[in-house]
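Participant: Before anything else, here's the structure in question.
The values are calculated or read from the model by the stated rules, or taken from the named source; none is laboratory data. Being a predicted model, the structure only gives us computed values, none of them experimental. Backbone-built Cβ (ideal geometry, glycine too); neighbour counts: all protein chains shown.
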Amino acid sequence: MAITVQGNSRPKRNSKFVWRRLEDEVVILDESGTSMTELNDTAAVIWGLADGSHSVAEIAREIERQFAVDSRQSQADTADFCQQLIEAGLLELEPDSDESG
């Protein structure tokens, strides 16, 4: 069954990856150090808050605050980006946060 990210979903970084903040970017490496992903400043905020305690809606509100973007667009973009990171194996959802609602 495919996981669908919703506003109440609580994304969490996959512990199999290590990451570092370099100025306004985040660099993510796999365990072997052979695969690297770079995130821009907006994506870095999402990644930084993806700790399993913040919902997608809460993360989107922080994006709105920091980057002065429209609420509806921020909610949609944050959910879409989290979905992409889940599909790439970089994020997981906390077990109780992927229920339909």
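Participant: When you scan the stretch 44-51, do you find a residue that is surrounded by fewer than 16 Cβ atoms within 10 Å (Cβ to Cβ) and either among the small types (G, A, S) or at negative phi (or both), even just one?
Facilitator: Scanning the stretch 44-51 turns up at least one residue that is surrounded by fewer than 16 Cβ atoms within 10 Å (Cβ to Cβ) and either among the small types (G, A, S) or at negative phi (or both).
Participant: Still on this model: Mind listing whichever residues of the stretch 56-74 are of a type outside the set (A, V, I, L, M) and touching a helix residue (DSSP H, G or I) at 6+ places or on another chain (Cβ under 7 Å)?
Facilitator: Those that are of a type outside the set (A, V, I, L, M) and touching a helix residue (DSSP H, G or I) at 6+ places or on another chain (Cβ under 7 Å): E62, E64, Q66, F67, S71, S74.
Participant: How about the stretch 66-77: which of its residues are outside any loop (DSSP other than H, G, I, E, B) and without any contact (Cβ under 8 Å) to a residue 40 or more places away in the chain?
Facilitator: Of everything in the stretch 66-77, those that are outside any loop (DSSP other than H, G, I, E, B) and without any contact (Cβ under 8 Å) to a residue 40 or more places away in the chain turn out to be Q66, F67, S71, R72, Q73, S74, A76, D77.
Participant: Can I ask one more? Restricting to the stretch 1-30, and then to whatever is more than 23 Å from P95 (Cα to Cα) and either surrounded by fewer than 11 Cβ atoms within 10 Å (Cβ to Cβ) or of a type in the set (S, T, Y) (or both), can you tell me which residue is modelled with the lowest pLDDT?
Facilitator: Filtering the stretch 1-30 for residues that are more than 23 Å from P95 (Cα to Cα) and either surrounded by fewer than 11 Cβ atoms within 10 Å (Cβ to Cβ) or of a type in the set (S, T, Y) (or both), the one modelled with the lowest pLDDT comes out as E23.
Participant: With respect to A57, is the statement that it is loosely packed, with under 15 Cβ neighbours inside 10 Å and more than 10 Å from the chain's Cα centre (by Cα) true?
Facilitator: Here the answer is no, as A57 does not meet what is asked.
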